[in-house]
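Input: a single structure, listed below in structure tokens.
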Amino acid sequence: MQLDDDVCYRALRTRDARFDGRFFTGVRSTGIYCRPVCPARTPMRASCRFFATAAAAQEAGFRPCLRCRPEASPGTPAWLGASATVSRALRLIAEGALDEADASALGARLGVGERHLRRLFQRYVGASPLAVAQTRRLLFAKKLLDETALSMTEVALSSGFSSVRRFNDAIRAAYERAPRELRAVATRRGGGAARADRSVPEIALRLPFRPPFDWDALAGFLGARAIPGVEAAEHGAYRRTVRVAGGHGVVEVRPAPGEACLVARLWLPCTEGLIRVVERLRRLFDLGADPQAIAARLGVDPRLAPRVLAMPGVRVPGAWDGFELAVRAILGQQVSVRAATQLAGRLVERHGEPLAVRGGLPEGAEGLRFVFPAPEALAAADLTDLGLPRARAATIAALAARVASGEVALDASRGLEETVRALCAVPGVGAWTAHYIAMRALREPDAFPATDLGLRRALGGVSGADLAAMAEAWRPWRAYAAVLLWTADAQGARPAETEVSNGSLAG
């Protein structure tokens, strides 16, 4: 990724928050790298080196700044560079693809050789895949040291380190301080959090984003489609049950008033793998989006410009689990949002796992009773008693069997076209459902269900072919254009809960 050094230095000198996470500044005189918003005195231009990612700065030998805390930035945009392979690889790394495997295995998942993958990363990221994974673990560990009271062992395992020794070595190499010294610094700043009951690992973490962020629109979308007993979006918060580390847990997310972050509260069976839980939440709320880049592209089209102005900070609602979202999308075929929600509720009542949270449910989560069933459970289940047409019940069973066997991968290992082809090969799954799943579950920003009735109606009743032609100008942000049009349609002709999913956004 090519950076304009003059633009970067102007942003650094003015502490322009719009560039936070877009680049990092390595200061040769101190050996430290910083965010553009760092409150420290601006270094001389000759002392600065600019990097597209924290991993690139780290690999070049710079240490993270303790004042601006690179781990607290909104993160490098998911669209980094112009390589679809790199974007998919970054998503897989964020999901833990290199926590227990090597770059060769990552390349195999992506369908490229390890050497080619390394070349792509050097070109677009400025660091190797392993360096990206290491920096991800390191910065998350620093975040936990600052924001939680987890023990050092818990921090190490929560961050994806294979051992406490590796964690200690990585922290000392990066910060030239021991982990306990870093926590002491955070405590003096007023950071760090105590847990009232260590038998129930309640953790609170801040999840930064690039403003603006339309929380009400996102929470409204999720709330209308919340699976009864599994999730709910009400009273300014989103809550749901989760299956992690072989047990059950509950997560709650709400906006932090006046701050560019969400606050996540987590009640988990253990803290191991916490880094992947947080990444799932970031995907669910699309926190890696860059509203400026999206608005700049979509706002050029006069048909979208008024909607871009009316809905600044639009996000594509994601999903906690790809399989859950895929089943929910199939349940929503040819029925209203309300009917699909009722069907989903029946499914978890009969086939879901009863929620078992150590220490009891947190306040406000009393309606959460189930964890969504795993693919293996639905592959062998009789779903005809849910009130579904037999063909649709068979579609869910077939999808569950293919996901359980690995034939269908609901992750970033495949590109958009390949994913759509694999999903459409499941009897009963068409292009609309496949693109909807790709949008929300796989975080494909250019997925676009061009046959959607709601989208066509929002543009005056155009044909599917005409809509597809119009949407070419919206690449690579067609998924965001769909959300803008769906929201406008829902606020116009009829309420969202009566929309029909074979051509609308029931999902």
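The values are calculated or read from the model by the stated rules, or taken from the named source; none is laboratory data. Nothing here was measured: the structure is a model prediction, and the numbers come from that model. Counting neighbours? That spans all protein chains shown, and the Cβs are built from the backbone with ideal geometry, glycine included. The area values use the complete protein model at the heavy-atom level, side chains included, leaving out ligands, DNA and RNA. Shrake-Rupley method; radii C 1.70, N 1.55, O 1.52, S 1.80 Å.
When only residues in the range 454-489 that are part of a loop (DSSP other than H, G, I, E, B) and touching a residue at least 12 places away in the same chain (Cβ under 8 Å) count, which is most open to solvent (accessible area, probe 1.4 Å)? Quick ask: steps written out before the conclusion?
Initially, the range 454-489 is screened for residues part of a loop (DSSP other than H, G, I, E, B), giving 459-463, 475-477.
From the residues that got through so far, the ones that are touching a residue at least 12 places away in the same chain (Cβ under 8 Å) too are 459, 475-477.
Numbers: 459: 29, 475: 87, 476: 67, 477: 24 Å².
Residue satisfying both the conditions and the ranking: 475.
Quick one: in the range 159-172, of everything that is among the small types (Gly, Ala, Ser) and at pLDDT 95 or above, which residue is nearest to residue 58 (Cα to Cα)?
First, pick out the residues of the range 159-172 that are among the small types (Gly, Ala, Ser): 159-160, 162-163, 170.
Applying the additional criterion that residues be at pLDDT 95 or above yields 159, 170.
Details: 159: 17, 170: 11 Å.
Looking at residues that are among the small types (Gly, Ala, Ser) and at pLDDT 95 or above, I get 170.
Just a yes or no: is a residue in the range 155-162 open to solvent by less than 30 Å² (accessible area, probe 1.4 Å), among the aliphatic types (A, V, I, L, M) and over 26 Å from residue 416 (Cβ atoms)? Steps first, answer last, please.
Pass one, the range 155-162, residues open to solvent by less than 30 Å² (accessible area, probe 1.4 Å): 155-156, 158-161.
Pick out the ones that are also among the aliphatic types (A, V, I, L, M) and you get 155-156.
Next, only the ones that are over 26 Å from residue 416 (Cβ atoms) stay: 155-156.
Within the range 155-162 (the criterion being open to solvent by less than 30 Å² (accessible area, probe 1.4 Å), among the aliphatic types (A, V, I, L, M) and over 26 Å from residue 416 (Cβ atoms)), the answer is yes, since at least one residue qualifies.
I'm checking my understanding of the structure. Among residues of the range 22-60 that are open to solvent by 10 Å² or more (accessible area, probe 1.4 Å) and among the aromatic types (Phe, Trp, Tyr), which one is nearest to the chain's Cα centre (by Cα)?
Checked the range 22-60; the qualifying residue nearest to the chain's Cα centre (by Cα) is 51.
The rows are residues; the columns are (1) over 28 Å from residue 302 (Cα atoms); (2) among the hydrophobic types (A, V, I, L, M, F, W, C); (3) in contact with a helix residue (DSSP H, G or I) (Cβ under 8 Å, 6 or more places away or on another chain).
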residue	(1), (2), (3)
370	yes, yes, yes
384	yes, no, yes
392	yes, no, yes
418	yes, no, no
435	no, no, yes
457	no, no, yes
462	no, yes, yes
470	no, yes, no
473	no, yes, no
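Using beta carbons and a limit of 7 Å, which pairs, at least six apart or on different chains, have the first residue in the range 84-95 and part of a helix (DSSP H, G or I) and of a type in the set (S, T, N, Q) and the second one modelled with pLDDT under 90 and open to solvent by less than 20 Å² (accessible area, probe 1.4 Å)?
These pairs meet every condition: 87/80.
The conditions are (1) outside any helix (DSSP H, G or I); (2) touching a Ser or Thr at 6+ places or on another chain (Cβ under 7 Å); (3) farther than 18 Å from residue 139 by Cβ, and residue 33 fails exactly one of them. Which is it?
Checking residue 33 against (1) outside any helix (DSSP H, G or I); (2) touching a Ser or Thr at 6+ places or on another chain (Cβ under 7 Å); (3) farther than 18 Å from residue 139 by Cβ, the one that fails is (3).
Which residue is nearest to residue 92 (Cα to Cα), if the candidates are limited to the range 395-417 and must be open to solvent by 30 Å² or more (accessible area, probe 1.4 Å) and in a loop (DSSP other than H, G, I, E, B)?
411
Yes or no, residue by residue, for (1) under 17 Å from residue 288 (Cα atoms); (2) assigned to a loop (DSSP other than H, G, I, E, B); (3) in contact with an Asp or Glu (Cβ under 9 Å, 6 or more places away or on another chain):
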position: 58; (1), (2), (3): no, no, no
position: 98; (1), (2), (3): no, yes, no
position: 107; (1), (2), (3): no, no, yes
position: 123; (1), (2), (3): no, no, no
position: 139; (1), (2), (3): yes, no, yes
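Scan the strands (runs of 3 or more DSSP E) fully inside the range 221-309 and keep the ones with 1 or more residues being open to solvent by less than 20 Å² (accessible area, probe 1.4 Å).
Details: elements: 231-234, 237-244, 247-255, 261-267.
The strands (runs of 3 or more DSSP E) meeting that bar are 237-244, 247-255, 261-267.
Under 26 Å from the mean Cα position of the chain (by Cα), of a type in the set (Gly, Ala, Ser) and open to solvent by less than 20 Å² (accessible area, probe 1.4 Å): does that describe residue 319? Show your work before the answer.
Details: under 26 Å from the mean Cα position of the chain (by Cα): yes; of a type in the set (Gly, Ala, Ser): yes; open to solvent by less than 20 Å² (accessible area, probe 1.4 Å): yes.
Against the criterion (under 26 Å from the mean Cα position of the chain (by Cα), of a type in the set (Gly, Ala, Ser) and open to solvent by less than 20 Å² (accessible area, probe 1.4 Å)), residue 319 qualifies.
Can you say whether residue 341 is touching an Asp or Glu at 6+ places or on another chain (Cβ under 7 Å) and hydroxyl-bearing (Ser, Thr, Tyr), as far as the supplied structure shows? Let's see the steps before the verdict.
Numbers: touching an Asp or Glu at 6+ places or on another chain (Cβ under 7 Å): no; hydroxyl-bearing (Ser, Thr, Tyr): yes.
It is false that residue 341 is touching an Asp or Glu at 6+ places or on another chain (Cβ under 7 Å) and hydroxyl-bearing (Ser, Thr, Tyr).
Does residue 451 satisfy the criteria of being touching a residue at least 60 places away in the same chain (Cβ under 8 Å) and of a type in the set (S, T, N, Q)?
Numbers: touching a residue at least 60 places away in the same chain (Cβ under 8 Å): no; of a type in the set (S, T, N, Q): yes.
For residue 451, the condition - touching a residue at least 60 places away in the same chain (Cβ under 8 Å) and of a type in the set (S, T, N, Q) - is not met.
For the range 401-436, which residues satisfy the criterion of being among the β-branched types (Val, Ile, Thr) and farther than 24 Å from residue 382 by Cβ? Write out each step before concluding.
Of all residues in the range 401-436, those among the β-branched types (Val, Ile, Thr) come to 403, 408, 419-420, 426, 429, 433.
Correct list: 419, 420.
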